Amino acid sequence: MPAPLLPIETSAPLPEQADVVVIGGGIVGSCAAYYLARRGIRVALVEKGRIGAEQSSRNWGWCRQQNRDARELPMATRSLDLWEAMAADIGESVGFRRCGLLYLSDDEAEIAGWARWRDFARGQGVVTHMLSAAEAAEKGRATGKAWKGGVFSPSDGIADPERAAPVIARGVEKFGGTVHQFCAARGLELEAGRVAGVVTETGVIRTRIVVLAGGAWASSFCRQYGVAFPQAAVRSSILAVGPGVQGPDALHTARVSLTRRGDGGYTLAVSGTARVDPTPQQLRFARQFLPMFARRWRVLRPGGMQGWQSGHETLGRWRLDRPTPMERMRILDPRPDAAMIAKTLSRARALIPGLAGVPVTAQWAGYIDSTPDGVPAIGETAVPGLVLAAGFSGHGFGIGPGAGHMIADMVSCVTPILDPAPYHPARFRQGSWGKVSDF
């Protein structure tokens, strides 16, 4: 029962030239290509497998401002408006709706932390409502239990991970760009040290600008060109149940979180929990990630050899005239953690008793690519013309439109809609990777 995905057909011939080539057809790459095509720039979006088939279709679907890192909050706020406008321009639903996000808790320290974030966000123009015990019980009446409090963020929402990236890729084509599935980018052609082209398995595209939105594959790709990008992926497991229960559209509690899907069913997950599958790259960047792993030791567990075998975090080098690890593993589709799936389902049925008779329709896992400080890396690398956009640390789906728009602005020399400085990958070279925002 794999993660659901809307398959799309793409058949455009590979162009000989493009103004920009975007590598990676997840939510960030698709959005970047969409905004480039929208302004008339010749853009080619290349994807080794299917559009949206990896983590972009395997997440919760939350589009939130609530509890965002201070550096990500402006991108999250801008993205909410872009989600709405993008669907209207494309003429096809991405499943986005501002349903509000509900957080409930019996932990007074957790509630106090949400209140501090509320006070901070108020200064950024973001409105969230702290809930009294009575208000929390009313908002969470589907649980049938009392709560000490909670928070409700009315302007936040959800989109459909199954549809979003594929529909946006259709928008790329609608506005004149080209989309190429099952077309792995093996590497770059360089002239005088800067980007001159992209070598794919089916041919070469001449270009001066490449956006590398390769998700969990980005660091191993960067390594081919001497660019050290600290990145580590963890394996998260999720399941879906069918329709039949009335409850909140999006609910978070410490024990389990629920998101209503377009078919009326729910996606179920436990926040933050994951397996750490050892890989050569994790060993390489272990020192940088120790602070993050130390903070999350209660929810991270050792994994197995799936990550090592998948090849996305290899330290190896590959040739451009032979199949690469990306062609041997078209879609990262790791096995879910059976124990975690069982625990998630049990917790969800305890939280929402009506779920007891609702069948499981799917279960899956995905690799969440992270940076040491949990904030994405977006900016030009030491290779002129190679722009990195990766390490979204489990937050990329909701902020995909804002990230994509900012990237399109940067590479087309337009004043960015957001200040790109906080995201620049140079911060890892400067040793600031250990700094984490209070929010």
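Read-outs throughout are calculated quantities, based only on the coordinates presented, and are distinct from any laboratory measurement. Given the structure is predicted, the values throughout are model-derived calculations rather than measurements. Ideal geometry is used to build each Cβ from the backbone, glycine not excepted, and the neighbour counts take in all protein chains shown.
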- Message: I'd like the antiparallel share, as a percent to the nearest 5, of DSSP beta bridges with both residues in the chain.
- Response: 70 percent
- Message: I'd like to compare 306-316, 52-62: which one has the highest average count of other Cβ atoms within 10 Å, and what's the full order after that?
- Response: 52-62, 306-316
- Degrees between helix 108-122 axis and first principal axis of the chain (Cα, 0 to 90, nearest 10): 50 degrees
- Just report the Cα centroid separation between the stretch 33-69 and the stretch 75-140, whole Å. 21 Å
- Ranked from highest to lowest mean number of other Cβ atoms within 10 Å per residue, what is the order of the peptides 334-343, 382-391? 382-391, 334-343
- For the stretch 109-215, what size does the Cα cloud have along each of its three principal axes, sorted from largest down, in whole Å? 64, 30, 24
- Item | Cα-based convex hull, the stretch 1-105, per residue volume (Å³, whole number) | 147 Å³
- Note on the structure: Normalised Cα Rg of the stretch 101-154, dividing by 2.2 N^0.38 Å with N its residue count, works out at 1.10
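Answer rounded, prolate or oblate for the stretch 291-399, using the Cα gyration tensor with square roots of eigenvalues a ≥ b ≥ c: rounded when a/c is under 1.5, else prolate when a/b is larger than b/c, else oblate. Don't skip to the end; give the middle numbers.
Values: a/c = 2.26, a/b = 1.72, b/c = 1.31.
It is prolate, given that a/c is not under 1.5 and a/b is the larger ratio.
State to the nearest 20 debye the size of the charge dipole of the stretch 57-108 about its Cα centre, where the only charges are +1 on K and R beta carbons and -1 on D and E beta carbons. Write out the running numbers ahead of the final one.
Details: 7 positive and 9 negative charges, 34 e Å.
Rounded to the nearest 20 debye, it is 160 debye.
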- Over all distinct Cα pairs, what is the inverse of the mean 1/r for the chain, reported as the Kirkwood hydrodynamic radius in Å? 21.9 Å
- Note on the structure: In cubic angstrom per residue, the convex hull of the stretch 46-122 built on its Cα atoms measures 141 Å³
- Item | Separation of alpha-carbon centers, the stretch 142-206 and the stretch 270-326, rounded to whole Å | 21 Å
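Starting from the exponent 0.38 and prefactor 2.2 Å, build the expected Rg for the stretch 199-267 from its residue count and divide its actual Cα Rg by it.
On the way: Rg = 20.0 Å, N = 69, 2.2 N^0.38 = 11.0 Å.
Relative to the 2.2 N^0.38 Å estimate, the stretch 199-267 comes out at 1.82.
Computed over the Cα atoms of the stretch 127-283, what is the convex hull's projected area averaged over all directions, in nm²? Write down the numbers at each step before the final one.
Working: hull surface 56.4 nm².
Hull-based average projected area comes out at 14.1 nm².
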